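Chemist: Have a look at this one before I ask anything.
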Amino acid sequence: MNVAYAYPWDIVGDLSAASRLADLGVEAVAVAASYHSTRAATPYHPSHRVLDVPHAAFYLPVRPAAWGRLAPLTPTWTAPDAYLRASDALRSAGLRVHAWTVLTHNSALGAAHPDLVVRNAFGDPYPHALCPAFADVLDYCERMVREVLTVGRPDGLILEACGPMGFGHQSMHEKTAGADWTATDMDLLSLCFCSACADRYPRGTRGRVRAAIDDPAEPEGTTGSTPQAGTPSIDEALGPFAEEVRAARVDLSASLRRRLLAAARETAPNVPITVHANPDPWAVGAFAPLPDGEPGADVLVANCWGDPATDAARLTRLSELCGPGQRVGAYVLGLPPRPADAPALADLLRAYAEAGAAEFHLYHAGLASPRRVAVMAEALRLTS
């Protein structure tokens with residue numbers, strides 16, 4: 001099954017949207033049921049061309065009794081039941097509808113509840129990142145899954161940010177590049193030391209992390225060490241703490257994932273579940289770490305927005321982690337910096353299929369220009 005991703009506002013108010021998406025050649029559309037803030041182009045919509053989405057929102061009716069301490073916000077820039085309206089239109093065009101559900105990425109709730117967000121080793125909060133080590137965040141994510149399935153009645157459930165977010169975030173007017181932090185520094189700055197996480201790590205971890213960022217040649221606990229050639233990995237930077245810290249981080253995501261999969265199976269036993277996943281145990285963000293596989297999911301989708309060889313290796317590793325009946329999907333970028341070139345995109349799709357991808361998830365059918373939508377359709381045709 002191939003899936004195109006779209007926002008509900010791409011479809012609501014545009015009578016031609018559903019048929020246009022059906023013409024792509026996909027079997028399903030992933031419509032955002034819960035999504036973070038963004039600024040989105042809407043190249044096709046008859047009423048607007050740019051939409052500012054100032055905060056994370058839930059695109060289904062928010063039933064107050066269904067929520068606990070944390071409750072999602074309702075959008076004002078589109079209909080409060082926009083997911084349902086989009087779903088009806090897509091089904092009328094013969095398409096299945098998957099509920100694209102973003103979990104721990106929520107700046108609005110993080111700003112309102114700073115005690116529940118990720119904090120780095122220096123104590124700096126990341127308001128965009130709800131930490132799943134907190135019971136209130138776990139409860140919120142579970143209620144989100146149950147509400148999406150109960151009210152949204154999707155044909156499939158897609159879980160994004162099913163684990164902790166990290167340092168990386170496309171904030172408004174991002175001003176962090178000049179610090180010259182390495183990829184390892186950013187991994188270290190993604191480790192959470194909030195009140196619910198700090199005690200999960202061995203004693204001395206916080207000091208080791210701070211020292212590795214501020215003085216990478218001399219991390220805390222070493223004397224007279226000689227810097228290694230090249231940039232050290234996060235495992236090397238953490239030294240004797242690496243194994244225990246890694247295990248704690250993987251367990252944090254796995255605990256959230258198991259809870260949500262159990263809630264989903266209880267609520268809607270026959271709805272297939274897709275998880276945005278990364279086999280890297282240090283992964284954070286939209287594609288949560290899944291180094292040991294997840295037998296409870298139907299599809300594991302890997303990000304394929306970067307170097308094609310690296311992306312293919314990630315797909316192969318996820319394929320190796322799959323059990324009987326499970327599939328791997330490739331989350332394929334159809335936007336810049338990828339060229340609007342159908343044969344080039346088709347070559348990428350073939351490479352991803354050879355690496356283990358059984359389905360393609362196309363990002364993004366609402367943001368793409370008419371030319372890029374045509375390229376996506378032609379690339380799928382060339383690889384069918």
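Chemist: Taking the Cα centre of the chain as the origin and placing charges on Cβ (Lys, Arg +1; Asp, Glu -1), which of Ala71, Cys322, Leu345 is farthest toward the positive end of the dipole?
Modeler: Going by the Cα projections, it comes out as Ala71.
Chemist: Then there's this: Restricting attention to region 1-96, which chymotrypsin sites (Phe, Trp or Tyr not before Pro) occupy a DSSP loop and are surrounded by at most 16 other Cβ atoms within 10 Å?
Modeler: Trp67, Trp77
Chemist: What is the gain in length, in nm to one decimal, between Asp139 and Asp199 on full extension, counting 0.36 nm per residue of separation less the C-alpha to C-alpha distance?
Modeler: Stretched fully, the Asp139-Asp199 segment lengthens by 19.5 nm.
Chemist: Run through the DSSP bridge list for the chain and note the antiparallel percent, rounded to the nearest 5.
Modeler: Antiparallel bridges make up about 20 percent of those DSSP assigns within the chain.
Chemist: Oh, and also: How large is the helix-only mean residue ellipticity at 222 nm for the chain, computed as the sum of -39500 (n - 2.57) over DSSP H runs with n ≥ 4, divided by its residue count, in deg cm²/dmol to the nearest 500?
Modeler: -10500 deg cm²/dmol
Chemist: Compare Val102, Val31, Val245 in a GNM of the chain, Cα atoms joined below 10 Å, and give the one with the largest fluctuation.
Modeler: Between Val102, Val31, Val245, it is Val245 that shows the largest mean-square fluctuation.
Chemist: Given region 24-148, what percent of its DSSP beta bridges are antiparallel, to the nearest 5?
Modeler: 60 percent
Chemist: Nearest 20 debye, what's the magnitude of the dipole of region 239-384 about its Cα centre given +1 on Lys and Arg Cβ and -1 on Asp and Glu Cβ?
Modeler: Here the size comes out at about 360 debye.
Chemist: Also, I was wondering about something else. Rank Ala357, Pro164, Ala6 by how far each Cα sits towards the positive end of the charge dipole of the chain (+1 on Lys, Arg Cβ; -1 on Asp, Glu Cβ) and give me just the farthest.
Modeler: The listed residue farthest towards the positive side: Ala6.
Chemist: Could I ask something else about it? Kirkwood hydrodynamic radius for region 42-113: how many Å is it when counted over pairs of different Cα atoms?
Modeler: 14.1 Å
Chemist: Now, a different point. How far is the Cα center of region 89-147 from the Cα center of region 19-51, in Å?
Modeler: 21 Å
Chemist: Let me ask you something else. If I take the Cα coordinates of region 104-173 and project them onto the principal axes, what are the three extents in Å, biggest first?
Modeler: Taking max minus min along each principal axis of the Cα atoms, region 104-173 gives 42, 28, 19 Å.
Here, each number is a calculation from the coordinates, and none is a lab measurement. Note that the coordinates shown come from a computational prediction; the quantities given were computed from them, not determined experimentally. Virtual Cβ from ideal backbone geometry, glycine too; neighbours counted across all protein chains shown.
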